[in-house]
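Working notes for the structure below.
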Amino acid sequence: MRGSITILGTSSAAPTKDRFHSGQYFTFLRDVVLIDCGEGTQYRLLQYGLNYQKINHIFISHLHGDHYLGLPGLINTMALNSRSKPLTVYGPSGLSTILDAHFSSGKSHLSFDLTVKELQAGERIELKSMTCEVVQLEHRIPCYGFRFVQNQSDRKLNITRCEELNIPISAYSRLKEGADYSDEHRQIGNAELTFPSGKPFSYGYMTDTRYLPELSEVFAETDVLYHEATYLSTLIDRAEATFHSTAQQAGKFARLSAVNQLIIGHFSSRYDDLKPLLEEARSEFPNTELAVEAKTFEIS
Ligand SMILES: [Zn+2]
Ligand SMILES: [Zn+2]
């Protein structure tokens, strides 16, 4: 398994007794990322057995409370438990002011370096194993989507051929980087000793946005896409007025983008039963799953 996405919260602005505010614990190779941090996120992390001290980067989509109110509490707890590893938080303009006010008013001392960076639409943020593309969404306040793309992986060794040709193990790392092999007797092209690397994995996160089919190019062929589905299409007028999407629109977007899998979430508290939302999205894009608290989607 190369990584996983664990759902921490699936509710829109008002939580329910079973559905919490937005948050996702996303691991991929050497990166551990928290996407959004609604109120109570630290409790979900504890309940679901996820190590919050491993998080290197936090991405906050926008400054509505259901997406960031858990952040001061989580950071406090990290410090209380003697975190020393630096943490970078990416969020919209204003997040740094909010956090500064919180920590300076409480005279809190953090045990680690906290860096808060302002997101810019169109920028690419380099993580260890992925690059995050920041995408402007359309909501009532500035809001960003994210597309995480695996950094180009190394070529895969053709071990059988390498052994047949007695290639020394010390040459393997250069071969994986694409170099040809040579010694005093011979020169062997890289293509004979390696296979091409596979398609890089990608994960898209689009929450709190009106339906934006014009972004389907940006998310084209994404492996896994999370798209908000606050309402059923019977409430499309309300979705438009509040800059949200319907489950049907989420499905349409996934189809237009030709993604592999769609996960829908950010459900209005008016829906006790989520099946109609799932059915509506699946009518447009069959490979759709509901985001459910504690559910983990494995990336193999
Ligand atoms: Zn929201
Ligand atoms: Zn919002």
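Can you tell me which of (1) part of a loop (DSSP other than H, G, I, E, B); (2) closer than 21 Å to Ile5 by Cα is the one His244 doesn't meet?
For His244, the exception is condition (2).
When you look at Phe59, is it farther than 18 Å from Glu298 by Cα, aromatic (Phe, Trp, Tyr), under 17 Å from the mean Cα position of the chain (by Cα) and buried (at least 21 other Cβ atoms within 10 Å of the Cβ), yes or no?
Yes, satisfied.
I'd like to check something: does the stretch 104-111 contain any residue that is in contact with a strand residue (DSSP E or B) (Cβ under 7 Å, 6 or more places away or on another chain) and free of Cβ contacts under 8 Å to residues at least 60 places away in the same chain?
No - not one qualifying residue is present in the stretch 104-111.
Name the residues in the stretch 198-241 that are part of a helix (DSSP H, G or I), in contact (Cβ under 8 Å) with a residue 24 or more places away in the chain and hydroxyl-bearing (Ser, Thr, Tyr), would you?
The one that is part of a helix (DSSP H, G or I), in contact (Cβ under 8 Å) with a residue 24 or more places away in the chain and hydroxyl-bearing (Ser, Thr, Tyr): Ser233.
Residue pairs, Cβ under 9 Å, 6 or more apart or interchain, first in the stretch 8-32 and more than 28 Å from Lys128 (Cβ to Cβ) and modelled with pLDDT of 95 or more, second charged (D, E, K, R) and assigned to a strand (DSSP E or B). List them.
These pairs meet every condition: Ser12/Glu228.
Assess whether Thr115 counts as being of a type in the set (S, T, N, Q), closer than 16 Å to Ile58 by Cβ, at pLDDT 95 or above and surrounded by 14 or more Cβ atoms within 10 Å (Cβ to Cβ).
no
Being away from ligand 1 (no atom under 16 Å from the Cβ), buried (at least 21 other Cβ atoms within 10 Å of the Cβ) and either more than 22 Å from Lys275 (Cα to Cα) or at pLDDT 95 or above (or both) narrows it down to one residue among Phe253, Phe195; which is it?
Result: Phe253 is the single residue among Phe253, Phe195 that is away from ligand 1 (no atom under 16 Å from the Cβ), buried (at least 21 other Cβ atoms within 10 Å of the Cβ) and either more than 22 Å from Lys275 (Cα to Cα) or at pLDDT 95 or above (or both).
Given the conditions (1) within 19 Å of Thr209 (Cα to Cα); (2) surrounded by 14 or more Cβ atoms within 10 Å (Cβ to Cβ); (3) out of contact with any strand residue (DSSP E or B) (no Cβ under 8 Å at 6 or more places or on another chain), report the number of the one that Ile141 does not fulfil.
Exception for Ile141: condition (2).
Considering only the stretch 33-54, how many residues are more than 16 Å from ligand 2 (Cβ to nearest atom) and in contact (Cβ under 8 Å) with a residue 60 or more places away in the chain?
Qualifying residue count for the region: 4.
The values are calculated or read from the model by the stated rules, or taken from the named source; none is laboratory data. The shown structure was predicted, so the numbers you read here are calculated from the model rather than taken from an experiment. With ideal geometry, Cβ positions are generated from the backbone for all residues, glycine too; neighbour counts draw on all protein chains shown.
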